[in-house]
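The values are calculated or read from the model by the stated rules, or taken from the named source; none is laboratory data. Just so it is clear, the model here is predicted, and its values are computed rather than measured. Quick note on the areas: whole protein, heavy atoms, side chains included, nothing else; ligands and nucleic acids left out. Shrake-Rupley method; radii C 1.70, N 1.55, O 1.52, S 1.80 Å.
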Amino acid sequence: MSDTLKHDPKLSVEIAGIRFKNPVIGASGTFGYGLEFAELIDLNKIGGFVTKGLSAKPLPGNPPARIVETHGGMLNAIGLQNIGARAFIEEKLPKLRGYDTQIIANVFGYSDDEYLEAITILNDGEGISAYELNISCPNVKEGGIVIGNSPDAAARLTERAKRASSRPLIVKLSPNVTDVTVLARAIVRAGADSLSLINTIVGMSVDVIKRRPRLNYGTGGLSGPAIRPIAVRMVYEVAKAVDVPIIGIGGIASPTDALEFIIAGAAAIQIGTANYYDPQVTVKVVEGLSEYCRDQQFSGIGDLIGSISLD
Ligand SMILES: Cc1cc2nc3c(=O)[nH]c(=O)nc-3n(C[C@H](O)[C@H](O)[C@H](O)COP(=O)(O)O)c2cc1C
């Protein structure tokens, strides 16, 4: 711990055969289609980003109010509004190809067949690095969490999605379960190349004057710093239970937050809600990770992944 590190620390990580220049990834639904952030940060500086959830056909989402601020976070019930997989390929992807960062397409459907349809369309999209299967959205009445809360349904869809996909498959887990490792094991057995977690936690907020839920949908998904300790605990449990790389998500807003997940077992992390109040946060976290490795004399992120000690 004496001399400072002579070389730049190695921030790159490999997940499902894809090399990320650093472990910092913009999270689905909070990073638009990437292009929105190209005006706010240098996209070449982050490891990658995940698109908004893409479905085979465009979706309008839920009626407002769709977002409510809460202590240390927010509740959303957007309902997966998106332009559709084909429009993403035609309108967004050509402009994104100019950036040196990994593009992960988040995939959604109301049934197994609709997920597969979206994947089949996206297979045509040149420049997509991997798929993230969203089986954990709490804000829709079919698909999403309905599949993600059943190990059998989740495994069946994972197996079919893996077969349909021409790219590595990351499956995004729901935290709204009693034991997340049961799902994780079933999904990995079914062929997932990597797992990302967590999606939002189902919550509710009440307008006491109207005596109605503040979200039109009733309930919503809680995200932001308030959920971080739950997410770190789940990443820790899942990393011990399976042997595929884990991507940690939930309330990350600083380099220290990201390090908590990496030390608990994540090979990479995603940043969601924090992008809303600090659009530069992803780049700041990359810089902070580099500084930490230098100060603490680690040659790279690889030395830190799962390095937690319980002694
Ligand atoms: C407004 C909003 C929209 C989201 N949309 C999606 C989505 O389309 N697909 C998905 O898998 N996750 C979606 N998420 C979940 C995030 O990607 C992330 O898992 C969650 O917010 C926890 O991370 P955070 O606390 O850093 O925001 C959304 C989150 C928010 C706040």
- Note on the structure: If one compares the long axis through the Cα atoms of helix 281-295 with the longest principal axis of the Cα atoms of the chain, the angle in degrees, nearest 10, works out at 30 degrees
- Query: Could you state the number of Å between the C-alpha centres of segment 249-271 and segment 48-95?
  - Reply: 23 Å
- Message: I'd like the orientation of helix 112-122 relative to the chain: the angle between its Cα long axis and the longest Cα principal axis, in ° from 0 to 90, rounded to 10.
- Response: 60 degrees
- With every protein chain left in place, what is the accessible area of Arg66 in Å² (1.4 Å probe, nearest 10)? 60 Å²
- Distance violations [Cα-Cα > 22 Å] among Lys10/Lys240; Lys52/Lys162; Lys10/Lys92; Lys240/Lys284; Lys57/Lys92; Lys92/Lys284: Lys10/Lys240; Lys10/Lys92; Lys240/Lys284; Lys92/Lys284
- Task: Report in % the part of the accessible area of segment 19-121 that belongs to carbon and sulfur, leaving out ligands and nucleic acids; probe 1.4 Å.
- Result: 52 percent
- Task: Report the residue, chosen from Tyr110, Tyr276, Tyr33, that carries the largest GNM mean-square fluctuation when the chain is represented by alpha-carbon nodes joined by springs under 10 Å.
- Result: Tyr276
- Message: Leaving out ligands, DNA and RNA, and with a 1.4 Å probe, what % of the accessible surface on segment 226-311 is carbon or sulfur?
- Response: 51 percent
- Query: Which value, in Å², gives the accessible area per residue of the chain when a 1.4 Å probe is used on the protein heavy atoms?
  - Reply: 43 Å²
- Item | Relative intensity, log₁₀ I(q)/I(0), of the chain from a Debye sum that treats every alpha carbon as a point, q = 0.11, 0.15, 0.16 Å⁻¹ | -0.62, -1.18, -1.35
- Message: Quick check: the angle from helix 180-189's long axis to the longest principal axis of the chain, C-alpha only, nearest 10 degrees?
- Response: 90 degrees
- Message: For a quick check, take a GNM of the chain with Cα springs below 10 Å and name the residue from Ile230, Ile104, Ile46 with the largest mean-square fluctuation.
- Response: Ile230
- Item | Over the chain: helical MRE at 222 nm, DSSP H runs n ≥ 4 each giving -39500 (n - 2.57), nearest 500 | -8000 deg cm²/dmol
